[in-house]
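The values are calculated or read from the model by the stated rules, or taken from the named source; none is laboratory data. Since we're looking at a predicted model, the values are computed, not measured. Quick reminder, even Gly has a Cβ in these numbers, built from the backbone with ideal geometry, and neighbours come from all protein chains shown. Surface accessibility is based on the protein's heavy atoms, side chains included, excluding ligands, DNA and RNA. Shrake-Rupley method; radii C 1.70, N 1.55, O 1.52, S 1.80 Å.
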Amino acid sequence: MKKILLYNSGGGLGDSIQLFDLILSLQNHFKSSELFYLGAHANHFQGKLKEFNINIKTLDLNLKYFGFRWWHILLTKKRFNDQNLEKMDLIIDLQSKLRNTIILNKIPHDHF
C-alpha cells in the first residue's frame, strides 16, 4: 500500500480526535505509505490538531462539503485525476451515508 485515503464526512474536531489511534496504527503498519485525508471540512491534523504531530496530507478536490451534493459525482474523478496521484491503493470510508460512499467510490482505487 503506497497511498491510503481516509474519508471522514463529519470532519469536526471530535471526529478527528477519534481517528488518532486508527491513523497511528496505519502509519505504524504501513511505514512507507502516504496517508491522505478527505472530509467535508478542513483537515484538523494540519490545523488545530497539528501539535499532536499526526502527519496526514489533505486530498483537496476543491468540492465544498465533499459527498453532500449529488452533483459531486460528476466532478470527483476529474478533480482527483487533476491531482496527478494516479490512484489510491486503499480507501477507508469512515461514514455511513450511501450517497457519500457512491461519490467516494469514483476516486480511482484498488481496494475500498
Output yes when any residue across the stretch 101-112 is hydrophobic (A, V, I, L, M, F, W, C), within 16 Å of ILE4 (Cβ to Cβ), open to solvent by 60 Å² or more (accessible area, probe 1.4 Å) and not in a helix (DSSP H, G or I), and no when none is. yes
I want to confirm something. Restricting to the stretch 30-66 and keeping residues that are part of a loop (DSSP other than H, G, I, E, B) and of a type in the set (Gly, Ala, Ser), which single residue is farthest from ASN105 (Cα to Cα)? GLY47
Take the residues in the stretch 50-73 that are over 18 Å from LEU13 (Cα atoms) and free of Cβ contacts under 8 Å to residues at least 24 places away in the same chain; name whichever of them is most open to solvent (accessible area, probe 1.4 Å). TRP71
Which one is least open to solvent (accessible area, probe 1.4 Å), of the residues in the stretch 3-19 that are more than 13 Å from ASP93 (Cα to Cα) and at pLDDT below 95? SER16
Report yes if PHE80 is touching a Pro at 6+ places or on another chain (Cβ under 7 Å), touching a residue at least 12 places away in the same chain (Cβ under 8 Å) and assigned to a helix (DSSP H, G or I), otherwise no. yes
